[in-house]
1. Taking GLY171, is it in contact with an Asp or Glu (Cβ under 6 Å, 6 or more places away or on another chain), surrounded by fewer than 18 Cβ atoms within 10 Å (Cβ to Cβ) and under 16 Å from THR127 (Cα atoms)?
2. Please work out if SER354 is over 23 Å from the mean Cα position of the chain (by Cα), of a type in the set (S, T, N, Q) and under 21 Å from LEU301 (Cβ atoms).
3. Do we have ARG328 as in the same structural domain as GLN219 (by TED's automatic domain parsing) and either at pLDDT below 80 or over 29 Å from SER122 (Cβ atoms) (or both) here?
4. Run down PRO202, PRO178, PRO149, PRO137 and say which single residue is without any contact (Cβ under 8 Å) to a residue 40 or more places away in the chain, over 21 Å from ASP100 (Cβ atoms) and not small (Gly, Ala, Ser).
5. Examine region 50-73 for a residue that is surrounded by 15 or more Cβ atoms within 10 Å (Cβ to Cβ) and assigned to a helix (DSSP H, G or I), and state whether such a residue exists.
6. When residues of region 377-387 are filtered for being surrounded by fewer than 13 Cβ atoms within 10 Å (Cβ to Cβ) and under 13 Å from GLN335 (Cα atoms), how many remain?
7. Residue by residue through region 26-66, note down the ones that are farther than 30 Å from PRO190 by Cα and not basic (Lys, Arg).
8. Confirm whether THR145 is modelled with pLDDT under 85, over 30 Å from ASN294 (Cα atoms) and in a strand (DSSP E or B).
Amino acid sequence: MNRNPLLSKVAVIGLLMLLLAIPLLMVQGLIEERSARRSEAETEVARAHAGPQVLVGPVLQVPYTESYTRTVFVNGDAMQTREEPMVAYRTKLYFPQQMDTRSQLGTETRWRGIFPVTVFNSRHDSTGHFVWMPPQPQEPGGRITLGEPRLLVGLSDLRGLLSPPQLTLGGVPLNVGPATNTDKLPARLPLAASFDAAVLQPGKRIAFSLGMEVAGTGQMGWVPLADANTVKLSANWPHPSFGGDFLPRDRTVMAQGFEASWSVPALSTRAQQTFLQDVERSRALDTLSVSLANPVDVYRLTERATKYATMFIVLTFAAFFVLEMVRRWRIHPMQYLMIGAALVLFFLMLLSFSEQIGFFPAYLLASAACIGLLTHYLAHVLGGWRSALFMSGLLVALYGVLYGILISEDNALMMGSLLLFGVLGAIMVATRRLDWYSVMGTPAMPARARSHNPADALINKA
């Protein structure tokens, strides 16, 4: 190895990078642990406040009995029959023909230790109408007798009800209470209000209104069960994330909040079919939803930063190594290790600071601390402030490019590729006149000795 000092130095630097991978893995594990604790804090707040909310309904439920007679054989004799009365108990569901919802949502931040959790209080006012048509007999000669009809309303987390819902049908207020005997419907529609069957007139529009005050955490959604659904939402949260199965037709996002509106006809969604075919809630319904997501997830950004940590250290070591060859610097492997340790510590400081002051200030503070430390150290290692400031300038550029990659997720691949290409180009330009044989301690072979082609030998002899 002493006969090839360049190869020895490269091998030692490679070993140092393998050693630095150990603390990098520890930092990544710490990021996962802190992210899990943040998720636990959100779960605790949702358990005490209310979880994500989804509004369903109202849906008109009409129970009825069908009376009919059935012909049966007497003692199994096909020649002797008699008529036996039968009664079948059935239920029919009706969805609104039109439903318009106006919602207002206000947010606030709750804290669990150092972890902020966004919760909301909201007001929802819906109007619409049903058109009732009587159920048809399913048996020949059947007679229909209506039971007590009800309006069913669903809310995914009833702990979020801030006051009793205000429900009217045909201008008459209804008392809303827990739903019972709903034939597997309470999972989706846990609230019910009974009313007089005399309100139901074939083919007549029956207007309704529904007002609800709802608290929740993280997400608000609506199920478009009507034949024509419109939802208009205004909120004071400036960073909405629209999800579900339908994006809003119109939206305006401002620094003070946002406004959004959806318009969904029944032909665009399978919510009604899914609801009727699968009332036990084992399949998800189509929804309109908005999430109150934090636009800057410090754990996601820090995790992305650590994924570039190896490349970051490789580029820094490569810059030191090339300049060591070109400028005849002498940097000991232990000094490489100290520099690498400072680079690894940057990611730990980034995580700890970002939990307290946010990602961007934390990135500035951690990078400034790391560059300041390395500048002071390199001024003594390289024997002067001029060389130290030159290397610090390279580190500033590298930290700047890394931040650009982190905040531009869509262009991260392109920016990373351009960075590697630029570094390779800089290394090739810086070493274009370097005699690698002399650096490796191997005498350069004369041109005649390097030529093994007989034609080249004849040309040289001539």
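1. Taking the combined requirement at face value, the residue does not satisfy it.
2. Here the answer is no, as SER354 does not meet what is asked.
3. Values: in the same structural domain as GLN219 (by TED's automatic domain parsing): no; either at pLDDT below 80 or over 29 Å from SER122 (Cβ atoms) (or both): yes.
No: the conditions fail for ARG328.
4. Sole residue among the options that is without any contact (Cβ under 8 Å) to a residue 40 or more places away in the chain, over 21 Å from ASP100 (Cβ atoms) and not small (Gly, Ala, Ser): PRO178.
5. No, region 50-73 contains no residue that is surrounded by 15 or more Cβ atoms within 10 Å (Cβ to Cβ) and assigned to a helix (DSSP H, G or I).
6. The number of residues fulfilling the criteria is 1.
7. Step one: filter region 26-66 for residues farther than 30 Å from PRO190 by Cα, giving 26-38.
Within region 26-66, MET26, VAL27, GLN28, GLY29, LEU30, ILE31, GLU32, GLU33, SER35, ALA36 qualify.
8. Criteria met by THR145.
The values are calculated or read from the model by the stated rules, or taken from the named source; none is laboratory data. Computed from a prediction, not measured in an experiment: that's the story for all the values here. Cβ: placed from backbone, ideal geometry, glycine included. Neighbour counts: every protein chain shown.
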